[in-house]
1. Of VAL235, GLY171, SER220, which is farthest towards the positive pole of the range 103-246's charge dipole, taken about the Cα centre with +1 and -1 on the beta-carbons of Lys, Arg and Asp, Glu respectively?
2. Can you send over the solvent-accessible area of ASP252, 1.4 Å probe, protein chains only, in Å² to the nearest 10?
3. Report the dimensions of the range 117-216 along its three principal axes from the alpha-carbon atoms, largest first, rounded to Å.
4. Please go through the range 201-236 and write out the chymotrypsin sites (Phe, Trp or Tyr not before Pro) that DSSP classes as loop and that have at most 10 other C-beta atoms within 10 Å.
5. Given the C-alpha centroids of the range 226-279 and the range 109-133, what is the distance between them in whole angstrom?
6. Taking every pair of alpha-carbon atoms in the range 194-234, give the share separated by more than 13 Å as a whole percent.
7. Give the residue list of GluC sites (Glu not before Pro) in the range 171-248 that are DSSP loop and have at most 10 other beta-carbon atoms within 10 angstrom.
8. Taking 0.36 nm per residue of sequence separation and subtracting the Cα-Cα distance, how much length would be gained by fully extending the chain between ARG213 and ASP165, in nm to one decimal?
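The values are calculated or read from the model by the stated rules, or taken from the named source; none is laboratory data. Note that the structure is predicted; figures quoted are calculated from it, not measured. No Cβ is skipped: glycine too gets one built from the backbone with ideal geometry, and neighbour counts run over all protein chains shown. Calculation scope for accessible area: heavy atoms of the full protein, side chains included, ligands and nucleic acids excluded. Shrake-Rupley method; radii C 1.70, N 1.55, O 1.52, S 1.80 Å.
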Amino acid sequence: MAEVKVKVQPPDADPVEIENRIIELCQQFPHGITDQVIQNEMPHIEAQQRAVAINRLLSMGQLDLLRSNTGLLYRIKDSQNAGPVSFFLSKMKGSDNQEKLVYQIIEDAGNKGIWSRDIRYKSNLPLTEINKILKNLESKKLIKAVKSVAASKKKVYMLYNLQPDRSVTGGAWYSDQDFESEFVEVLNQQCFKFLQTKAETARESKQNPMIQRNSSFASSHEVWKYICELGISKVELSMEDIETILNTLIYDGKVEMTIIAAKEGTVGSVDGHMKLYRAVNPIIPPTGLVRAPCGLCPVFDDCHEGGEISPSNCIYMTEWLEF
C-alpha cells in the first residue's frame with residue numbers, strides 16, 4: 001500500500017505581528033534589508049503574506065523602497081518622517097489578539113465610524129469585553145468616539161487621526177448635534193440677495209434681452225466666493241455646501257439652474273460642466289396645486305406612509321394645506 005504524505009499547512013500568522021517583525025528587522029539593519037533576509041527570519045510565513053505586509057508598510061509611509069546592486073532593499077524611514085504605522089506598532093505593542101481585532105474592525109470602518117453593536121457582531125466578543133477594549137484604545141489615543149447626528153444617543157468609533165465624515169457630523173449645518181436653522185436661513189438670504197443684485201445689474205445694462213439673461217447667471221463658485229468674503233460663517237464652507245443652499249432656493253421657486261459645458265480647469269467646473277444660477281420672479285402667482293411640495297421634493301421616492309419620511313409628518317405638506 002502506497003504511503004500518502006499529507007502536507008500540514010502552518011496557521012496564518014497575525015498580519016500585525018508580521019509588520020511588527022519586519023519593522024524590527026529594518027531597525028536592526030538601518031541600511032536596508034532584502035526580501036531574502038525577511039524570508040530567512042520568517043521561514044514559516046508564506047510569500048504572499050510577506051508581500052501584503054511589505055506593501056502595507058510602504059503604502060503607509062513606514063518603509064522606503066530602494067534599488068541596489070543586490071536588488072531591492074527595504075529601509076525604515078527616519079523617525080521624524082515615520083508614518084502612522086510606527087505610532088500604531090508602538091501603541092499596540094503588548095496588546096492581545098482581541099484588542100488588535102477590534103482595532104482592525106474600526107480601521108476598516110474609515111471616517112464614517114462604527115457602532116459598538118456592529119463591532120460586537122463582527123468580532124463575536126462579549127459586550128463587556130468590547131467596552132473594556134474600546135476604553136483602552138481610547139486611552140492610548142488610537143481611536144476616538146464621535147457623536148453621530150443620525151442617532152444623538154449613540155457614538156461611533158473611528159481612528160484617532162481621522163476627520164469624521166459629513167454624514168456623521170452633519171457638516172456645516174450642525175453644531176454639537178443641533179441643526180443651525182438660523183445660520184442656514186442667513187445663508188439662504190445672502191445667496192438670494194447676491195443673485196438678485198446680479199440680475200438687477202443685468203437689467204440696468206439696457207442690453208438686448210438675451211445678453212441680459214446670460215449676464216444674470218452666476219456660478220456656484222461666484223456665490224461661494226461672495227459668501228466667504230462676507231465672513232458670516234465661523235466654519236469653512238465648501239462649494240458643495242453653497243450648492244445645497246442654492247438647491248433650497250430652487251425648491252422655493254426663487255432661483256433656476258442651468259448646466260453648461262466648460263473647459264477643463266475652469267474655476268467652478270466639475271468634469272467639464274458648470275452649474276449656473278439666477279434669481280427669477282414668477283410672472284403670475286402659481287396655483288395652489290402647483291405649489292404642492294411633492295413636485296419638487298428631493299426625497300419623493302422615499303416618502304410613504306409609516307416611513308421615516310411620510311406625508312403625515314411632512315412640515316412642507318402641513319404648510320401647504322394651511323395655505
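1. Value: GLY171.
2. The accessible area comes out at roughly 100 Å².
3. The Cα atoms of the range 117-216 stretch 75, 24, 23 Å along the principal axes, largest first.
4. Here no chymotrypsin sites (Phe, Trp or Tyr not before Pro) fit, given the DSSP loop and packing criteria.
5. Centre-to-centre distance over Cα atoms comes out at 40 Å.
6. Of all Cα-Cα distances in the range 194-234, 55 percent exceed 13 Å.
7. When the GluC sites (Glu not before Pro) of the range 171-248 are filtered for loop state and at most 10 Cβ neighbours within 10 Å, GLU236 remain.
8. 13.4 nm
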